[in-house]
Amino acid sequence: MQFDLTDLRLFVLTADEGNMTRAAERQHLSLAAASARIKSLEAQSGLSLFYREARGVRLTPPGEAFLFHARGVLRQAEQLRVDLQEYGGGLRGHLRVFANTTAVTDFLPEILPGFLSSNPKINIDLQEKPNAEIARGVLDGRADIGIVAGKVDTLGLQAIHFSTDRLVLATAKNHRFARRKKIAFAETLDEDAVGMQYGSTLQTFLAQVVESLGKPLKLRIQLSSFDAMCRMIGAGVGVGIVPESAARRNQASMGIALIELTDAWSVRERFILVRDRKALLRYAESLIETLCAHYQQPTIPTTPKSP
């Protein structure tokens, strides 16, 4: 097959967008030129790579295979560019990280400034995603590194344990639960609740839990950070489930009480997901080492069992 990197980038963008017009715009091509390039790829392979539908396009099975290899070729091309820049003293790397809510809003803002300061020529694209999408993103090459917590289907990826997260119930100090040492999550469902924004990893997880219990959360307000949640909880708006680290950071200033949850799911192991650690670029490995060092964990790969 005869194709160039523009063809591959266009194909990947079309697959990601599900729309050839938007992909053409992002690649700075006319729709006619983009369509001709895709048709040329299909003609050379002798296979249809996309289903054309009224609202856009979606990959055929051969298209899924082509996407996997196209991402691989583009990764190799990027690595070649980075390696050549390094010889010229102008290294500038780009690291793509998919992570859950706790990572994005709680501990990465504490860790990443030091890493970026030590790596001034490295850029990081950090995106909050649900756990399942994090693993899928790493597998298909949209992310170099994934950060997940709890029981996650790792899809055969290499997983590196770096810390243990615990969820706790936070209440105002004068709340009737405040004197409790332990509580089951089910006992809290009659209370007004403070939660994270819709679509966040934690709120999506809790929605699955309450669905299994057959009783919804009585959400009064949903917010974009754990610090904001703690402020609302301390003001008596409602109770909330938050990571212990965030809760303890705000305990004194926000006037909240912390109660241990008896539910097994409240203890969540955290893992870094990668496709192949040996094939990672140097700065990606450096970020893994930074995360593990922050929590004083060895960097030996381990793989959790899929649920």
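Annotations for the structure displayed:
- Matching residues in segment 213-229 - criterion: being in a loop (DSSP other than H, G, I, E, B), free of Cβ contacts under 8 Å to residues at least 40 places away in the same chain and either touching a Ser or Thr at 6+ places or on another chain (Cβ under 8 Å) or of a type in the set (D, E, K, R) (or both): 215
- Within the set 215, 129, the sole residue that is among the basic types (Lys, Arg) and buried (at least 21 other Cβ atoms within 10 Å of the Cβ) turns out to be 129.
- Residue match in segment 182-202 (condition: over 18 Å from residue 222 (Cα atoms), modelled with pLDDT of 95 or more and among the basic types (Lys, Arg)): yes
- Among the residues making up segment 37-83, those that are modelled with pLDDT under 90 and either among the acidic types (Asp, Glu) or under 30 Å from the mean Cα position of the chain (by Cα) (or both) are 55, 72, 75, 76, 77, 78, 79, 80, 81, 82, 83.
- For residue 245, the criteria (1) part of a helix (DSSP H, G or I); (2) in contact with a Leu (Cβ under 7 Å, 6 or more places away or on another chain) hold in every case but one, which is (2).
- Selection of segment 264-276 for residues being surrounded by fewer than 16 Cβ atoms within 10 Å (Cβ to Cβ), in contact (Cβ under 8 Å) with a residue 40 or more places away in the chain and either farther than 21 Å from residue 201 by Cβ or out of contact with any Gly (no Cβ under 8 Å at 6 or more places or on another chain) (or both) yields 267, 276.
- Flag for residue 152 being farther than 30 Å from residue 218 by Cα, touching a residue at least 24 places away in the same chain (Cβ under 8 Å) and outside any strand (DSSP E or B): no
- For segment 233-245, a residue qualifies if it is among the hydrophobic types (A, V, I, L, M, F, W, C) and buried (at least 21 other Cβ atoms within 10 Å of the Cβ), and the qualifying residues are 233, 239, 241, 242.
The values are calculated or read from the model by the stated rules, or taken from the named source; none is laboratory data. Being a predicted model, the structure only gives us computed values, none of them experimental. No Cβ is skipped: glycine too gets one built from the backbone with ideal geometry, and neighbour counts run over all protein chains shown.
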